[in-house]
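The values are calculated or read from the model by the stated rules, or taken from the named source; none is laboratory data. Bear in mind that the values here come from a model prediction, so they are computed numbers and not experimental data. With ideal geometry, Cβ positions are generated from the backbone for all residues, glycine too; neighbour counts draw on all protein chains shown.
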Amino acid sequence: MGSPERPDVAAMRAYADELREMFTRLQDDGLELHAKAKAVQATETSRDGLVSVTVGARGELIRLDLDPRIYRRPDARALADTIAETAHRAAEAAQRRVIEIFEPVIPPDAFKAHLDGDVETVLSRLAEDMGGSR
């Protein structure tokens, strides 16, 4: 009869099994998910309806449409701010869609942390999952 595993070893084994399962799912579904994510586009319209911005999966500008009525108010700063704010909302929408696509294989909070470059959150989550703290 073997001795029971220490809780920290059992937690690490469980986490390793979870990572192995996630990796297997990524291998099986990864190319399809990548293609879907790469094809993501998000379009947002400004609050005044005069600016429309379409971005790709990484937030890159694909299309910018300006309603001719913008020329009735020749305020370059306001127009620039409107374009920037609308593009930011479109990029956030695209990121949410990419996270949704990968949700079956990567937990949304972990994937968002990776996309945001939030190394502290990624490492903290890893430490928690391994039974430690950071």
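Being more than 17 Å from the chain's Cα centre (by Cα), exposed (fewer than 12 other Cβ atoms within 10 Å of the Cβ) and among the small types (Gly, Ala, Ser) is the requirement here; does Ala76 meet it? Considered against the rule, which asks whether it is more than 17 Å from the chain's Cα centre (by Cα), exposed (fewer than 12 other Cβ atoms within 10 Å of the Cβ) and among the small types (Gly, Ala, Ser), Ala76 comes out as yes. Of the residues Ala90, Ala127, the single one that is under 28 Å from Ala37 (Cβ atoms) and at pLDDT 95 or above is Ala90.
Matching residues to (1) of a type outside the set (Lys, Arg); (2) modelled with pLDDT of 95 or more; (3) within 27 Å of the chain's Cα centre (by Cα):
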residue: Pro7; (1), (2), (3): yes, no, no
residue: Ala16; (1), (2), (3): yes, no, yes
residue: Arg20; (1), (2), (3): no, no, yes
residue: Ala35; (1), (2), (3): yes, no, yes
residue: Arg58; (1), (2), (3): no, no, yes
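Is the stretch 117-127 home to any residue that is assigned to a helix (DSSP H, G or I), among the hydroxyl-bearing types (Ser, Thr, Tyr), buried (at least 16 other Cβ atoms within 10 Å of the Cβ) and in contact with a Lys or Arg (Cβ under 9 Å, 6 or more places away or on another chain)? Scanning the stretch 117-127, I find at least one residue that is assigned to a helix (DSSP H, G or I), among the hydroxyl-bearing types (Ser, Thr, Tyr), buried (at least 16 other Cβ atoms within 10 Å of the Cβ) and in contact with a Lys or Arg (Cβ under 9 Å, 6 or more places away or on another chain), so the answer is yes. Selection of the stretch 94-109 for residues being surrounded by 18 or more Cβ atoms within 10 Å (Cβ to Cβ) and not in a loop (DSSP other than H, G, I, E, B) yields Ala94, Gln95, Val98, Ile99, Ile101, Phe102.
The rows are residues; the columns are (1) farther than 19 Å from Arg25 by Cα; (2) modelled with pLDDT under 80; (3) aliphatic (A, V, I, L, M); (4) touching a Gly at 6+ places or on another chain (Cβ under 6 Å).
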{"position": "Gln95", "(1), (2), (3), (4)": "yes, no, no, no"}
{"position": "Phe102", "(1), (2), (3), (4)": "no, no, no, no"}
{"position": "Pro107", "(1), (2), (3), (4)": "no, no, no, no"}
{"position": "Leu115", "(1), (2), (3), (4)": "yes, no, yes, no"}
{"position": "Arg134", "(1), (2), (3), (4)": "yes, yes, no, no"}
